[in-house]
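Structure record follows, encoded as structure tokens.
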Amino acid sequence: MKRLAIAICALIGTANAQAQALNEVKLNIFNTIVNQSVEVGYEHFIDRDQSVGIDLMINDRFSYYGQNKKVEKFKQFNTNAIAVNYNFYFGGKDDEHASGLFAQPFLKYRFGNYEHAEEIAKGEFQKVKTDMNSFIIGVGAGYKLVKNDAFTISPFINIARNFNQDVADEFMGIEINAGVNLGYRF
């Protein structure tokens with residue numbers, strides 16, 4: 001009887017461990033709407049309050065600078081980026097892991113270029129390219145809401161330092177970004 005009770009407890013413990021989602025895929029829906037960029041991510045939970053992640057940004061922009069197709073105001077980002085992050089979670093409900101407030105240090109590499117119009121004579125413009133290849137280090141913070149350990153929504157904001165002098169000259173060295181990730185855990 002004692003062995004049966006131990007076996008049942010072990011089986012229940014294994015089932016609970018298997019039931020807890022260890023991975024999450026996410027989409028930054030805010031920047032998809034506002035910036036026309038696609039930011040998708042993957043997060044792997046290594047503990048109840050920690051995870052590692054990777055994000056891919058297609059049509060990544062510097063902060064929230066817009067684009068324009070008019071000849072005299074032409075601005076076009078031809079950039080993508082990849083970022084790795086480590087997430088620390090503080091709080092949330094007892095039955096939901098990796099939820100509540102979070103802090104997120106990250107490393108990001110952006111590659112591509114930025115084209116814009118520059119007036120060379122009155123009414124005459126030429127396109128000038130800025131190399132956007134840059135290493136970026138930053139930190140973010142946000143709040144992750146979790147429903148049934150499956151669906152997530154997490155608004156966030158981050159600030160980062162850009163280590164490319166051409167980018168700093170064209171825009172600035174500090175970049176602020178925000179968003180709202182919608183995610184699914186499995």
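Some notes on this structure:
- Hits among aspartates and glutamates - C-alpha to C-alpha of Lys147 under 20 Å, sequence gap 8 or more where chains match: Glu24, Glu43, Asp47, Asp49, Asp94, Asp95, Glu96
- Within the straight-line cut-off of under 27 Å between alpha carbons, the lysines reachable from Lys70 are Lys122, Lys127, Lys129, sequence neighbours fewer than 8 places apart in one chain being disregarded.
- In this Cβ point-charge picture (+1 for Lys and Arg, -1 for Asp and Glu), segment 51-107 has a dipole of about 600 debye about its Cα centre.
- Of all DSSP bridge pairs formed entirely within segment 79-186, close to 100 percent run antiparallel.
- Angle in degrees between helix 2-19 and the longest Cα principal axis of the chain, rounded to the nearest 10: 10 degrees
- Convex hull volume per residue for segment 42-163, taking Cα atoms only, in Å³: 105 Å³
Rule-based calculations on the coordinates, nothing more; no lab input. This structure is a prediction, so every number in the text was calculated from the model and none was measured. No Cβ is skipped: glycine too gets one built from the backbone with ideal geometry, and neighbour counts run over all protein chains shown.
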